[in-house]
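Values quoted throughout were computed directly from the atomic coordinates according to the rules given, and no laboratory measurement underlies them. In this text the structure is predicted, and so the values were computed from the model without any measurement. Reconstructed Cβ throughout: ideal geometry from the backbone, glycine too, with neighbour counts over all protein chains shown.
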Amino acid sequence: MKPLGFINSASLTSLMPVAMLLITVEIVIGSYKAFSPEWTKALAIGNFIINLLWICLISIFVLNPAIIQHAVASFFASIFQKAPEDMYGQVRWIIIGVGLATIVTAAIDAFAGFRKHEKSDQSIG
């Protein structure tokens with residue numbers, strides 16, 4: 001398998017099985033949520049656990065300094081006509097920003113799952 005060029009292949013191959021497993025579980029839980037008439041406590045907890053696992057995986061991805069090779073910095077340096085050393089820090093900040101936005105989104109989704117459970121409990125009782 002040929003590496004993508006700008007992503008460190010060793011880091012990618014170590015994270016890819018976990019990401020594929022999480023995607024599969026997310027599809028299964030998403031299908032269950034689509035056909036479930038109401039949010040149960042088990043569904044809210046399952047949603048929370050999946051989001052927590054995504055946050056862990058994304059944190060590992062963002063905090064791993066070897067994930068992005070210097071090829072990305074060189075690519076952006078040629079576009080913006082700067083030194084690759086200057087671009088490497090900016091590329092790193094972009095990755096951290098996207099990672100943090102994804103973590104915040106996962107946390108909001110986990111919180112929304114518990115709110116949906118509370119609303120379905122109140123409508124029943």
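Order the peptides 87-95, 18-26, 39-47 from the highest to the lowest mean number of other Cβ atoms within 10 Å of their residues.
Packing order, densest peptide first, comes out as 39-47, 87-95, 18-26.
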Relative contact order (%) - region 35-112, alpha-carbon pairs under 8 angstrom, separation at least six: 42 percent
Straight-line reach from Lys33: which aspartates and glutamates have Cα under 15 Å away, leaving out those fewer than 8 places along the same chain? Asp109
Gain in span if fully extended, Thr13 to Phe35, counting 0.36 nm per residue against the direct Cα distance: 4.5 nm
